[in-house]
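> One structure follows; several queries about it will come next.
The values are calculated or read from the model by the stated rules, or taken from the named source; none is laboratory data. Just so it is clear, the structure is predicted and the values come from calculations on it, not from any experiment. Don't worry about glycine lacking a Cβ; one is built from the backbone with ideal geometry, like all the others, and counts go over all protein chains shown.
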Amino acid sequence: MYFKSFFNEQLAQMSYLVGCQKTGEAIVIDPLRELAPYFEAAEKEGLKITQVTETHIHADFASGLREMLHAGATAFVSGHGGPDWTYKDVEAETVMDGDIIKVGNVKLQVLHTPGHTPESISFLLFDNGSDVPMGLFTGDFIFVGDVGRPDLLEEAAGIKDTTEAGAREMFKSLKKMDELPDYIQIWPGHGAGSACGKSLGAVPVTTLGYERQNGWAFQYDDEETFITALTADQPEPPYYFAEMKRINRDGFGLMHYNRVVPTEKLEGPAIDLRAKEVFAENMSSGVNVPYNKKFLSFAGWYLDYNQDLQLVGDFDTVQKAAHDLKMIGFDRVKTYVSTVEGQSYEQIEPADFKALDRSQIHILDVRTQKEWNDSHFDEAKHLHFGKLEQADIPFNKEDEIYVHCQSGVRSAIAMSILKEKGYDNVINIKGGYQTVKS
């Protein structure tokens, strides 16, 4: 048997290639739209990708299922979940709990493991005709140190009254794991950095036995207590998650490898990819989302899938960012500018901020809800940085507003949005809350 995992740092996403070296067949599990890594790996091992499957309809990235179908693979998708969770516009075989997908002498047994979503399935791997299972591809069911959140359908997709139902299903799915031995390897769909859970570990693989002993979700025998623990302190899902559910279920165009071309000026929505320090000295009219490993998780708050987008940055960075945006189904980056002529925004050193009387100033905290709950200035107002564009700002436009996040990155994003909304008297606190909390 051939086995290879693929990790996308921007999405903290895992996908897998499993092949039978005797017959030369292979299957990809939970692919991204960018297929080249899978085909390169398969070709190197003398394998042909004949099949593709995925654990559920994803909310955090654009699935490569349809790209694999277009490349000639046979697709297998979950038949569970009902009509609202049935794949549309895709020629695929549906599989149910207990069904077997054969890949030469390798087989995947389908387990229905709802909770994260109603249709979620996992795949129990058997090699070379053995009746002893090797491991479990869990998707967003079991992670290293965590389990999938049940609230995305309600929080991101707007489907009411689904969080508690999903949490109850997750409790039942975890109890199903009692039938499997401790040595089963767990191959999850995500690692640390994903918003599909609240405490995902950075280690790429675990075992069922280890999670039984150490994973917080396995320590609950009471269903109601488990539900309370599971639904508490989940991170805010970026707005693009709702769009992902729709396009992955209903279908969208195949990925194109076009280059983004330069233009003379910014017109309309734009994202500025430059470092926050550079942007602070020379602002563009775009939202400042620096291109780094958190780019997609931040940019996903500000995308309008019905409008074209421009980028600000150098040629290579722009091409990489536009390619990454395709991984969350955004194909509308049309042009870019490499230079802008803008003004700087005001910043304050931590020591100077500490010297201020906080009761006499306006403070805007743009961190997550969990960060706010853990600790905050009593004098501050709270508004998540990703919600600034669509929310009402709790200050007047003429107010002098001191803005902070935890370390200074997200407050820089907030500065660009506040300026765009006409708040001209805003001051960024350098270093964020961690430098001024004492």
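> Return the residues of the stretch 91-111 that are closer than 23 Å to Arg66 by Cβ and assigned to a strand (DSSP E or B); say none if nothing qualifies.
Ala92, Glu93, Thr94, Val95, Ile101, Lys102, Val103, Leu108, Val110
> Select from the stretch 245-290 the residues that are of a type in the set (D, E, K, R) and under 30 Å from Ala92 (Cβ atoms) and list them in ascending order.
Lys245, Arg246, Arg249, Asp250
> Same structure, new question: Can you tell me which residue in the stretch 228-242 is farthest from the chain's Cα centre (by Cα), limited to those that are at pLDDT 90 or above and not in a loop (DSSP other than H, G, I, E, B)?
Thr228
> So, one more: Ser411 fails exactly one of the following numbered conditions: (1) closer than 17 Å to Leu273 by Cα; (2) modelled with pLDDT under 95. What is the number of that condition?
Result: Ser411 passes all but (2).
> Counting only residues that are crowded, with 23+ Cβ neighbours inside 10 Å and modelled with pLDDT under 95, how many does the stretch 285-311 have?
1
> If we scan the stretch 153-169, do we find a residue that is on the phi > 0 side of the Ramachandran plot and either in a loop (DSSP other than H, G, I, E, B) or surrounded by fewer than 24 Cβ atoms within 10 Å (Cβ to Cβ) (or both)?
Yes, the stretch 153-169 contains a residue that is on the phi > 0 side of the Ramachandran plot and either in a loop (DSSP other than H, G, I, E, B) or surrounded by fewer than 24 Cβ atoms within 10 Å (Cβ to Cβ) (or both).
> I'm checking my understanding of the structure. Among residues of the stretch 367-406 that are more than 22 Å from Gly286 (Cβ to Cβ) and small (Gly, Ala, Ser), which one is nearest to the chain's Cα centre (by Cα)?
Ser375
Yes or no, residue by residue, for (1) hydrophobic (A, V, I, L, M, F, W, C); (2) surrounded by 19 or more Cβ atoms within 10 Å (Cβ to Cβ):
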site	(1), (2)
Gln213	no, no
Trp216	yes, no
Asp222	no, no
Ala232	yes, no
Arg246	no, no
Asp250	no, no
Glu264	no, no
Lys276	no, yes
